[in-house]
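Right, one structure below, let's go through it.
The values are calculated or read from the model by the stated rules, or taken from the named source; none is laboratory data. Computed from a predicted structure; not experimentally measured. Here the Cβ positions follow ideal geometry from the backbone for every residue, glycine too, while neighbour counts run over all protein chains shown.
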Amino acid sequence: MAETALLERTQRKQRAPGKSGLLRGLIRTARPKQWVKNVLVIAAPAAAGELFSRHALTQIALVFVLFTACAAGVYLVNDARDAEADRAHPVKRHRPVAAGEVPVPVAYSVGIVLAVVAPTAAALLCSPLTSALLTAYLGMQLAYCVSLKHVLVVDLVVVTTGFLMRAMIGGLALGIPLSRWFLITTGFGALFMVSAKRYSEAVQMAGKAGATRALLTEYTTGYLRFVWQLAAGVAVLGYCLWALEEGGVPHTSVLPWRQLSMVPFILAVLRYAVFADRGTAGEPEDVVLRDRALALIGVAWLAMYGLAVADW
């Protein structure tokens, strides 16, 4: 074992990257594939119908970059902290930090710099509330990396809250009030996808769950199924209550787009639940992109929702 470990360390030193290789390794560690999740920053401005002014677009683009920087900082610190454990994992050992492409001190340094610069830039270029939310996100995610990911239920809440923060920050940056229905639907919609992903992992890794995510051995598939079914129901209920609440706003279109948008929303939840029930609901973006029917339902919902917002 000692000889094998020595050989691995020697091989990592031999393939130590140059500047271009180090940069590629840092970018890979920042998980570019996950950046699509940060598109959620447009959620609150879109819901309020305040997305297409020059000021709004500039602020949303800035918030997207800053949130991406925060998430990248968390990934870098996480991979640096877990480097030794990742080297013993059949898949994670190929991560740049574990593979020696990015030295652990460099990953820590870049991650910390991003974690400091992003909230500071938000305070100067956006608003104090935006900076505070980014700081809270960083604190929560770093606590998750250190210990909270090993705590039952709390791990689900933390990941769900991360999605909710993404959806909230655009509204905070533009000073848009966040409605109760927006928070309920977004929060429980996120919990639905997070718990469906955990359920899928538990189903696929039955008997060897601890090798991929140790906490999965503590959950039962029955419990995770209950969580995603409950979350889906509350998300649908919250959306329907929003759609049926007139709020005293006169309509200018012939069709009630606000109410009609319930149909594709519910269909989307039901379609996503098919993959959750099969245990194949992995990353949300992968589920949507690989299923044409779900993508078409999503487009129909976006069109109806856009018309509903324009009709306010």
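A few remarks follow.
- Test result for residue 131, among the polar types (S, T, N, Q) and surrounded by fewer than 20 Cβ atoms within 10 Å (Cβ to Cβ): no
- Counted residues, the range 150-201 - those being closer than 20 Å to residue 282 by Cα, of a type in the set (A, V, I, L, M) and not assigned by TED's automatic domain parsing to the domain that holds residue 42: 5
- Hey, residue 106 surrounded by fewer than 22 Cβ atoms within 10 Å (Cβ to Cβ) and closer than 30 Å to residue 20 by Cα or not: yes
- Of note, residue 52 satisfies the criterion of being of a type in the set (Phe, Trp, Tyr), closer than 30 Å to residue 307 by Cβ and surrounded by fewer than 19 Cβ atoms within 10 Å (Cβ to Cβ).
- Entirely in the range 1-62, the helices (runs of 4 or more DSSP H) that have 1 or more residues that are modelled with pLDDT of 85 or more and of a type in the set (Val, Ile, Thr): 19-29
- Given (1) in a helix (DSSP H, G or I); (2) in contact (Cβ under 8 Å) with a residue 60 or more places away in the chain; (3) under 30 Å from residue 219 (Cα atoms); (4) in contact with an Asp or Glu (Cβ under 9 Å, 6 or more places away or on another chain), number of the condition residue 93 does not satisfy: (2)
- Being assigned to a helix (DSSP H, G or I), of a type outside the set (Asp, Glu) and at pLDDT below 95 is not true of residue 207.
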